[in-house]
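The values are calculated or read from the model by the stated rules, or taken from the named source; none is laboratory data. All of these numbers come straight from a predicted model, not from anything done at the bench. Glycine also receives a Cβ, built like all others from the backbone with ideal geometry; neighbour counts cover every protein chain displayed.
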């Protein structure tokens, strides 16, 4: 993974503490449980909720075709990998490059969405989000202490 991509992913992951980077409005007007739950705990006003929903819906409209393209690329990779005969890195390299380009577009779109929704929050809501993030990190640390690091030496 390239450093630039890794840095963008890390920045996006940091902004996920606000729980909005993977915003997808549900078909029936609600939210998918993919990170937005934290917004419910921030006491958003009805106006903030409506605007966040509008931002997330617009983002999802932009992201959906890109995600569909990524799905197609994954299917092409699976087809190559499960077909008879040899498969080399060179055979998959164009697909990997296409996927990296799409993933970069997704990361940029998510970052834009996070920043737009973050702009709706009051200083008190941002402080509460930071507190929730710290609590979640403490819980994750406890989880790692109990079950160990994934993929770590046993």
**Asked** Out of all the residues in region 127-150, is one or more over 23 Å from the mean Cα position of the chain (by Cα), assigned to a helix (DSSP H, G or I) and surrounded by 11 or more Cβ atoms within 10 Å (Cβ to Cβ)?
**Response** no
**Asked** Among (1) more than 20 Å from the chain's Cα centre (by Cα); (2) closer than 14 Å to residue 43 by Cα, where does residue 121 come up short?
**Response** (1)
**Prompt:** Which pairs do you get when a residue that is on the phi < 0 side of the Ramachandran plot and without any contact (Cβ under 8 Å) to a residue 24 or more places away in the chain, found in region 46-66, comes within reach of a residue that is in a helix (DSSP H, G or I) and crowded, with 16+ Cβ neighbours inside 10 Å, reach meaning Cβ atoms under 8 angstrom, with the pair 6+ apart or on two chains?
**Reply:** 49/39
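Between 66, 117, 55, which is over 22 Å from residue 38 (Cα atoms) and in contact with a helix residue (DSSP H, G or I) (Cβ under 7 Å, 6 or more places away or on another chain)?
Working: 117 fails: over 22 Å from residue 38 (Cα atoms); 55 fails: over 22 Å from residue 38 (Cα atoms).
The unique qualifying residue is 66.
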**Prompt:** Residue check: is residue 62 farther than 26 Å from residue 136 by Cα, part of a helix (DSSP H, G or I), at pLDDT 95 or above and under 21 Å from the mean Cα position of the chain (by Cα)?
**Reply:** no
